[in-house]
Every structure is written in C-alpha cells, then in structure tokens.
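Step one of this worksheet: look at the structure below.
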Number of protein chains: 2
Amino acid sequence: MPVRIVLNEDEIPRQWYNLAADLPTPLQPPLGPDGNPISPDMLSPVFPMNLIEQEVSQERWIDIPEEVLEILYRWRPSPLHRAVYLEKALGTPAKIYYKNESLSPAGSHKPNTAVPQAWYNKQFGIKKLTTETGAGQWGSALAFSCALLGLECKIFMVRISFDQKPFRKVMRQTWGGKCIASPSSETQAGRAILEKMPDTPGSLGIAISEAVEAAVTDPTGQTRYSLGSVLNHVMLHQTIIGLEAKKQLAKIGENKVDVVIGCAGGGSNFAGLAFPFVADKIHGANIDIIPVEPTSCPTMTRAPFAYDHGDTAKMTPLLPMHSLGHDFIPPPIHAGGLRYHGMAPLVSQAIVEGLLSPQAIPQVECYESAILFARTEGIIIAPETSHAVASVIREANKAKEEGKEKVILFNLSGHGLMDLAGYEKFFAGQLQDYHLPEEEMAKSLAAIAGLPKPSTQKTGKW
Amino acid sequence: MPVRIVLNEDEIPRQWYNLAADLPTPLQPPLGPDGNPISPDMLSPVFPMNLIEQEVSQERWIDIPEEVLEILYRWRPSPLHRAVYLEKALGTPAKIYYKNESLSPAGSHKPNTAVPQAWYNKQFGIKKLTTETGAGQWGSALAFSCALLGLECKIFMVRISFDQKPFRKVMRQTWGGKCIASPSSETQAGRAILEKMPDTPGSLGIAISEAVEAAVTDPTGQTRYSLGSVLNHVMLHQTIIGLEAKKQLAKIGENKVDVVIGCAGGGSNFAGLAFPFVADKIHGANIDIIPVEPTSCPTMTRAPFAYDHGDTAKMTPLLPMHSLGHDFIPPPIHAGGLRYHGMAPLVSQAIVEGLLSPQAIPQVECYESAILFARTEGIIIAPETSHAVASVIREANKAKEEGKEKVILFNLSGHGLMDLAGYEKFFAGQLQDYHLPEEEMAKSLAAIAGLPKPSTQKTGKW
C-alpha cells in the first residue's frame, strides 16, 4: 500500500480548470464606486491585461504556458500522501489522503499562482510587482517567483508582523525582494494613516492600499500590483493542486472521494484542491466539500453574501462575496492567513449554490490537531493548515462512529517552520479561543448596509 | 530535458552500502583508554547491540528493514534536481545535479539515520534515547523519529544555541522531545562544569558528555545514546542518498559523473552521497570526490590523521580520524554543523588513501554562493550546505575555463529556514572570514601528542 504517490514531470496537468465555466449561477461582476460593473480596461492600471483576461474568462480549461510549467517543475507535481499513522492513531476506518503543498521552496501553495502572475506580468513588459503580506506566506512566494523571473518585487508588510517575524523579511531579502513596514511614509495612504495614528500596528487593509497606490502611481507605467488570493485568476492557478490529486488517486485505483477539505482565508488553497471536485459535484457526484475557517473570523459560516470592498480603505472594486464588512478587524489569532474579512467570489457563489459545507473551528482545537498530526505524520504544519486538519479529524471520527470507510482528501497548504511562535504559546497555555459576539458582527456589518446587494438566487440543488 | 527526477516507492534502494567492505586499507579499530581495541561489548551500555553489529560490520550490503522503509517513504526517494538556472547564471558548460535532502519533515538528511537508529533501539527493547545537538538539525531529526516510533527523546542542546534558536526547541517540543540547555544540573558532568563556569555558553563536547552520561546511568537500563554523525553505522544509513542518485542519473541516461561534492562536518551527508561513488573510484572510475569544510575548522585540509576522542571530556573511545584535537573550539561561524574538531573515520581513511580531494572555503564566499543559489534555483539552503554550493560554483567555473561539459553532482543537505540569522548578518555586512592561525592549531594539536598513532599507510593509487 503506497503512502506517497508521486507523478513525473510529464504527468503534470497542462491546463488550469476554471470553475466560472461550470457554476450553475454565473458569477456576478465586480462593481465600481458608481455601482456599475467594472470594465476590464478600468483594471488595467492595477493588473496586466493578460491576467485581466483570465480574471473574466468563461473558458473551462486554460493552457498553462510551457515556461510556467518549467518553473513549477522545481517542486511539482507535489506528492499525495496517505496519512496511515494519523488513521491508526484515530482508529478510524476512513482513508485520509493529503496533497503536500509545503514542499515548495517558499513553503506553501502560494507559488502556484505567484509564478504565473510574475510570468504574465513579465510577458506584458512589466518590470516590478508590488504586493502586501500579513502572515508572510504570500510575500515570500512572490519574492521567490520574481527572483526566478528577474522582476523587482516590493512588499508592504503589516507592521506588527514586520516586527514580530523578522525572519520572513530575511527570506524575502535572500530572494532579492524589498520589504517595508506598512503603514510607510512612501505612499500617500501610508502618510495619512501615520499622521493620524503614528503608533498603529497596521492592517492588511492599509497594506493593500499602499501596494495598489505604489503600483498605479509609478511614472514609468511598468509596475503592477499582485494579489495572492480572492481573485478568480488566483483560484484558477491553484487548481493544479486538485487536478494533480485526481491523477494520483486514479493511479492507485481510488476512484471515489467522499470528503474534500481545505482551510479558507481568502480561499485560494481550498479552491485549488476543491474546485475540480466541485465540478464533479455539479455533474452529480456525491461529495462533501468543506472549507474551514476560524471561529474568530466567521466569514462563510456567519456573514452575509454581499457586495463589499476588498480593503479597508475602499480602494478596490466591490466584489460579490461573503463578508464581515471591510472595517472588520479579526482577533489576533495565529493563523494570520485566515484573518480576512471577505472570501473569494467563486468560493462565495459556490456556498450560495449549496455546493460547499463551510465549518468554523476554534484555534485551540486546531493546535491540538496540529500536534497530533506532527507526532503521527511527522510534518509541522502552518497554523492555517491546522484548521483543515482539525476538520479532517472531526470527519474521521464521524466515519468511525458511523462505521464507514470514507475517503477523505485535504490540502496540506504549508509548513509551520516560520510560524512556531504560535506553537510556543500553545505549549505555554497562552492561547485562547475567540467567538465573535453578535453585537461586534452587527457593528462591522453596518459598513456594508448601504452598498448594492448581489442576487442570492440559486439554480441547483445540492 | 527533465529538471527534477523522481522515483516511486518501489524504486527505493532496499540495502545500504558499507564502504568498510571495499576500503583498500581496512579501517583501524577504536581504542579504549588503555590503548587497546574496544570490543563490541564495551559499547553496549551506550548503543544497542544490533547497531554495534552494524558499526563493526564488514558486509558490503546491509538490508534496510521493511518497517524502516515504510517510514522513509514519507519523504523518500528524494528528488534529484538539475540546476538549470544556476548553470545559466554561471554560463558554464557543466551540468549540475543535486539531491534535495531538504524535503524531509525535519528539513535535512539527518532523519535518514535518525529513523533507523530509533527503530533498531526500539527492536532492542529501548524506551528512550538521549543525544546532543549544536546547530539543531540533528536534535530535530531524532525528536521527529522518536515521535513516529513512540520512543522518549531527550536532547542536550549547547546553551548558546538553546538561547539563540528558541524555535528549534519548539520544533522538538512539537514532536514530543524534551530539550534542555547544556551544561545542565541533571548530570554529574554538567554540574561539574557549572560549578567551575556558571556562565559558560556550553560546547558540543560538554553536551556529548551529558547525553552519554544520561544514557548509561539510567537505572532501568532502557536508555541508550544516539549520535548523528561520525560513526560507521551513521555513514551506512546515509548511503541511501547516493544509491538513489545513481538510479536517478541512470534513468535519464547520465551514466558518467565527473565531480561529487558534499559539505562535511562529521561527514554524514557527504558520505551519504559520495560513498557509492567512492566504490566506483576504487574500481577504476575517474571521479573527483570533494568533501568541503570551512577554513575556520580545517579538519581535513590541515589537521593530521590521528587517534583522538570524539568529545572534549574524553568520555568516548579514541577514533582514527583527521582531528584538530579534542580541545579545539572553532570560531563562531554560522554553519554550526561544520564546527566539529574531528571527522568520520571512514571519510578520514578514504582521505588517507587519496580517494578524496578535500577543500576548505571561507564563510563569506559560502553565503554569496547561497544567495546566488536562492535567486536562481529558488531554495534557501542551510549554512552548512552553502559550503557544497560554493565548491560547485568553483568547479563549474573551472569547467567553463577548460571548456569541458563536466557532470557535477552535489548534496543539498538541508534548508536554511531555521538558520536565517546568518543570512541576516551577511546582509548587514557583519560576517567575517576566519583563517585558523598556525600557532592556534599547534596549541590544540598538543592535546593529541601523547595518544597512539594510527597507520597512514595506503595501498591504492588515486
């Protein structure tokens, strides 16, 4: 019985899968400040046109450029593991498989989109990319990708993370990326905040505003902005994970998956694994597909499907998504990548359609699950990934109660070696759970009360 | 042209290769305090008899137990990469390949021996292992292996590393290992040192003494000591690296390797890759085989082949090896894994025979090489590994000057994500080179002046 299924280079998927082509209810368009749909042209100061075309594409399959594949080969196809030791520890009849995305040089799934984004920008004549980063996985991945493709990279890092995670900065510096604490004095947005709040720890919302401003105000016109989650083309690039998983499962004759699980902050690693299975579900397959979020930031499980901005400063278009309101500031849990007020429109629309079954799990249960995983499967996972593992353990225990030999597949989105401070606090008994109070949620939701409403009609029955 | 060659589980080597069987001059035995050869029985309080048998074995091939293979499958066979981006950056006609040992859950080649050591101990009825660690790769690997096999693990970590690398401790704790700063008050050796020098930063020599004492004084008799380098059985377990590399090179029709390179502190990752090629050289192949050390700790390039203790406190037997003297304290370079006064007897004997061509490289050149590697190949390597990469770049440049399409193979022994402090200092311009002065070397060599001398006779011509 193989415990690790590998693919050769020539078995890598050569196309990405675009869920937009199969969604029963078509995706609703992003809206501008006037409430009218945004045209592709309006996005062109921010993104290169070739990526904007992918963002709005309705094609089901999109070719992966040969030169992108050549870089992905550095670590892809990623292995599919069978979690035999975890199964044994749980005494479950379930079979648990995971895609190991922690083996990329940046340590997570993020380079799956950072590489093509950098490549398409380069094709378009762009010389420099700006971005923001909170937890740090995305900033590292973009610096890595820009190094391999010879682009400049500038990263606005939320000040509190910048100060607390000095080694993330060193990682990016090693790849030649420039990392600056946000808010900074380099942008108008940053200066305005610093004037009002000189001691602010910063926020992802502010950092996004600065990164976008730095891109669109570059007088050479050769700088663009890059985002590591939420947008359609990001979800698209990540589907290589799920497409590989299908080939690997087929290779060992595992033809029916019962449960698919991924953690979801902006949605990209979840979508990457799950969307090819969502397609199966749309076409009749019986699969539970579970995106998992923290109880402290319950975007999918408690927030409405609404039109909202992607950032606090309201610089981005309105996106149709589950959102806690662009003002929402999540409690300081250690899974920084899951501390986002919104959710990818494609994931959100699939929730509206009833295709997904979101779960929220408190962080202490997640760390307990991560430690069981480390002591059985051997890998120290990222705090974000621990949410997926906690859900897997719940599902495996349910299978045990029901006496069913279910097949569970999840995404091991990244390792936790750069985020051991959270483990340290857990061992010291200093971690607590946060449950978002109703009144606090009502307060942050007030910010979206006056905005346009997307349709919540659904066509399918799942 | 593939850039990453993978093997399936069923292609993994099923035997380790023992160089002792092929060395032209037989390995000279370890000696006790009386100058007489140590018998296997005398080692039995320290190691289990099944590993002692491996330590003294003259068998060429030793079967890898099926249960050990099942654990190694978690990350093995490791991929073989072609360094196309580095080749391009150097403009060299050489083809550069590397084994990527950084993908194990502990981040280095160390689990290749930690897993079988833990397994053989468990087979022998042992419940607990003790060890020491300096840089931290070994302690992490043993904690990982003990977690998977259900053994207790206690690690004496040199105090200065314990204080400077708190996250290494968290890694081990996550795997359930107990980590304690050395010198500690838990052993007689530790207490004696603390009494004399309460503020000592500790040393690997002291930590070895404590770990050995903790093992041999356990009244239950169910504790043994485990070492991550130097010894014959450790080199044996690591040969899976080179044996896999041969299969992978054959798979792509690369049948002749010209240069094999690995960094060497105690010798284990170098030996792991190189010994199967040393066998080829003994049988007539024309290969340059290069172990690389720091100029600050020039064991192979400047120190004599002598009988010496493995630790400062002289608790271990005398081993025939290149040694700077057991009193030697290397300068504080950042490649902690290469700061050892001795060298594996098998590697040392191969040097005496003329089978190897050791090099010493200063640390600033190594960091420069590591940064070029990160920006071309994408992987942030361990400071130890940077010595191998610096040598590869020298050899690739030589091939360019000579206009020769050489095939160079090296061992990427580990990633540097837990050791970014060194990179940070490099970027800040705070790193310096150390060249060991003659008089300092003479001083530390005085410690071995009165000890027995091994024969330096050689039988072969290479």
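The values are calculated or read from the model by the stated rules, or taken from the named source; none is laboratory data. Keep in mind the model is a prediction, meaning the values are calculated, not measured. Note that we place each Cβ from the backbone using ideal geometry, even for glycine, and neighbour counts take in every protein chain shown. We work out accessible area using only protein heavy atoms, side chains counted, and drop any ligands, DNA or RNA first. Shrake-Rupley method; radii C 1.70, N 1.55, O 1.52, S 1.80 Å.
For segment A:260-297, give me each residue that is part of a helix (DSSP H, G or I) and surrounded by fewer than 24 Cβ atoms within 10 Å (Cβ to Cβ).
Listed by number, the residues that qualify are A:Pro276, A:Phe277, A:Ala279, A:Asp280, A:Lys281, A:Ile282.
Within segment B:54-76, residues that are within 14 Å of another protein chain (Cβ to nearest Cβ) sit with their Cβ atoms under 8 Å from residues that are open to solvent by 80 Å² or more (accessible area, probe 1.4 Å), at 6+ positions apart or across chains, in these pairs: B:Leu69/B:Arg14. Among the residues here, B:Asp163 does not qualify as surrounded by fewer than 20 Cβ atoms within 10 Å (Cβ to Cβ), at pLDDT 95 or above, in contact with a strand residue (DSSP E or B) (Cβ under 9 Å, 6 or more places away or on another chain) and at negative phi. Considered as a group, the residues in segment B:1-25 that are within 14 Å of chain A (Cβ to nearest Cβ) and either in a helix (DSSP H, G or I) or among the β-branched types (Val, Ile, Thr) (or both) include one that is nearest to B:Lys458 (Cα to Cα), and that residue is B:Ile12. Would you pick out the residues in segment A:219-245 that are assigned to a loop (DSSP other than H, G, I, E, B) and of a type in the set (Ser, Thr, Tyr)? Hits for segment A:219-245 are A:Thr220, A:Ser226, A:Ser229, A:Thr239. Residue count for segment A:171-203, restricted to those that are farther than 26 Å from B:Tyr423 by Cβ and under 22 Å from the mean Cα position of the chain (by Cα): 1. Of A:Asp308, A:Asp327, which residue is open to solvent by less than 20 Å² (accessible area, probe 1.4 Å) and away from chain B (no Cβ under 14 Å)? Matching residue, one of A:Asp308, A:Asp327: A:Asp308. Could you please find all residues in segment A:69-79 being surrounded by fewer than 19 Cβ atoms within 10 Å (Cβ to Cβ) and either under 21 Å from the mean Cα position of the chain (by Cα) or of a type in the set (A, V, I, L, M) (or both)? Of everything in segment A:69-79, just one residue is surrounded by fewer than 19 Cβ atoms within 10 Å (Cβ to Cβ) and either under 21 Å from the mean Cα position of the chain (by Cα) or of a type in the set (A, V, I, L, M) (or both), namely A:Leu69.
Residue count for segment A:359-377 under the criterion of being charged (D, E, K, R), more than 10 Å from chain B (Cβ to nearest Cβ) and under 18 Å from B:Val170 (Cβ atoms): the result is 1.
Among the residues of segment B:405-434, those that are farther than 25 Å from B:Phe275 by Cα, away from chain A (no Cβ under 12 Å) and in contact with a helix residue (DSSP H, G or I) (Cβ under 9 Å, 6 or more places away or on another chain) comprise B:Gln430, B:Leu431, B:Gln432, B:Asp433, B:Tyr434.
Quick grid of which residues meet (1) open to solvent by less than 20 Å² (accessible area, probe 1.4 Å); (2) touching a residue at least 60 places away in the same chain (Cβ under 8 Å); (3) of a type in the set (Val, Ile, Thr):
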position: A:Thr174; (1), (2), (3): yes, no, yes
position: A:Pro183; (1), (2), (3): yes, no, no
position: A:Glu210; (1), (2), (3): yes, yes, no
position: A:Asn255; (1), (2), (3): no, no, no
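When segment A:436-457 is filtered for residues that are farther than 24 Å from A:Pro317 by Cα and surrounded by 12 or more Cβ atoms within 10 Å (Cβ to Cβ), the ones remaining, listed by number, are A:Leu436, A:Glu440. Note on segment A:55-70: residues that are assigned to a helix (DSSP H, G or I), more than 20 Å from A:Val216 (Cβ to Cβ) and not aliphatic (A, V, I, L, M) amount to 3. The helices (runs of 4 or more DSSP H) found wholly in segment B:98-193 and carrying at least 3 residues that are within 13 Å of chain A (Cβ to nearest Cβ) occupy B:111-123, B:137-149, B:166-174.
Within the span defined as segment A:79-93, every residue fails to be within 14 Å of chain B (Cβ to nearest Cβ), among the basic types (Lys, Arg) and under 25 Å from B:Val84 (Cβ atoms). I want to confirm something. Restricting to segment B:34-53 and keeping residues that are in a loop (DSSP other than H, G, I, E, B) and in contact (Cβ under 8 Å) with a residue 60 or more places away in the chain, which single residue is farthest from B:Val115 (Cα to Cα)? So, considering only residues that are in a loop (DSSP other than H, G, I, E, B) and in contact (Cβ under 8 Å) with a residue 60 or more places away in the chain, the one farthest from B:Val115 (Cα to Cα) is B:Gly35. Of all the residues in segment A:388-438, those that are of a type in the set (A, V, I, L, M) and more than 28 Å from A:Ser268 (Cβ to Cβ) number 1.
Looking only at residues of segment B:378-404 that are in contact with a Gly (Cβ under 6 Å, 6 or more places away or on another chain) and away from chain A (no Cβ under 14 Å), we find that the one that is farthest from B:Asn255 (Cα to Cα) is B:Glu384. Applying the condition of being farther than 24 Å from A:Arg60 by Cβ and among the aliphatic types (A, V, I, L, M) to segment A:4-18 and asking which residue is surrounded by the most Cβ atoms within 10 Å (Cβ to Cβ) yields A:Ile5.
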